[in-house]
Amino acid sequence: MWIWIVLVGLVVLLGLALVLLYNRLVRLRNRVDNAWAQVDVQLRRRYDLIPNLVETVKGYASHERATFEEVTRARTAAQQAKTVDEQAEAENMLTAAIGRLFAVAEAYPELRATENFQQLQADLTDTEGKIAVSRQVYNDTVLTYNTAIQTIPANLVAGMLGFRARQFFETEDATREAPRVAF
């Protein structure tokens, strides 16, 4: 009789441990999703600034058509990225294209002196900073989640419950800071 009570008690404790473990993993996965949503908000803010920046530069350097098209293509590719890896690759291309756009702008002192261009540059710099912070929070959250599903005892059940490791949002060194323009 006592053996049955002990066995039932162990089964209940094991079940409770599994429920607590599952709930912890769900919480961590939701934090990763939320952190990515914050990155996405900042990336969309960046995408919204780019057409205004292109139009402002285009007003002074209309013959730089290839540069404008490159920025537009890179922006579209970044907006259409589906995975974290695709997003990182697209962001690298977009940052390089924006850098070339700023290089074009550098050749036009009257453009650099306009309040509109200066405000767009300040907004872009601010947004780049927010993207960097959001990316860091996302990567920290992914690290915590990935560690949780890869350590004992969670790793014993995480795979069976559908928890998979998430990718870090890694970019090239050049994209980790806002494009610089010397005045």
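Each reported figure results from applying straightforward, stated rules to the coordinates on display, with no laboratory input. Keep in mind that what you see is a predicted model, and the values were worked out from it rather than measured. Cβ sites come from the backbone with ideal geometry, for glycine too, and all protein chains shown count toward neighbours.
What to note about this one:
- Applying the Karplus relation 6.51 cos²θ - 1.76 cosθ + 1.60 with θ = phi - 60° to the range 10-27 yields 3J(HN,Hα) values of 5, 5, 5, 5, 5, x, 5, 5, 5, 5, 5, 5, 4, 4, 5, 5, 5, 4 Hz, where x marks Gly and Pro.
- With Cα atoms, 0 to 90° folded angle of helix 84-106 axis to the chain main axis: 20
- Model label sites at A113 and Q79, defined 7 Å from Cα along the beta-carbon direction, differ in position by 3.4 nm.
- Debye, to nearest 20: dipole size of the range 37-176, +1 on Lys, Arg Cβ, -1 on Asp, Glu Cβ: 380
- Proportion of all alpha-carbon pairs of the chain beyond 28 Å (%): 42
- Simple spin-label estimate for L13 and E55 gives 6.8 nm between the two label positions (7 Å along the Cα-to-Cβ direction from each Cα).
- Loop sites in the range 97-179: GluC sites (Glu not before Pro), DSSP, at most 15 other Cβ within 10 Å: E170, E172, E177
- Highest-MSF residue in the chain out of L20, L49, L28 [GNM, Cα springs under 10 Å]: L20
- Share of Cα-Cα pairs in the range 1-82 lying beyond 17 Å, as whole percent: 68
- Angle in degrees between helix 65-80 and the longest Cα principal axis of the chain, rounded to the nearest 10: 10
- Over the range 1-48, the Kirkwood radius and the radius of gyration, each from Cα atoms, give a ratio Rg/Rh of 1.51.
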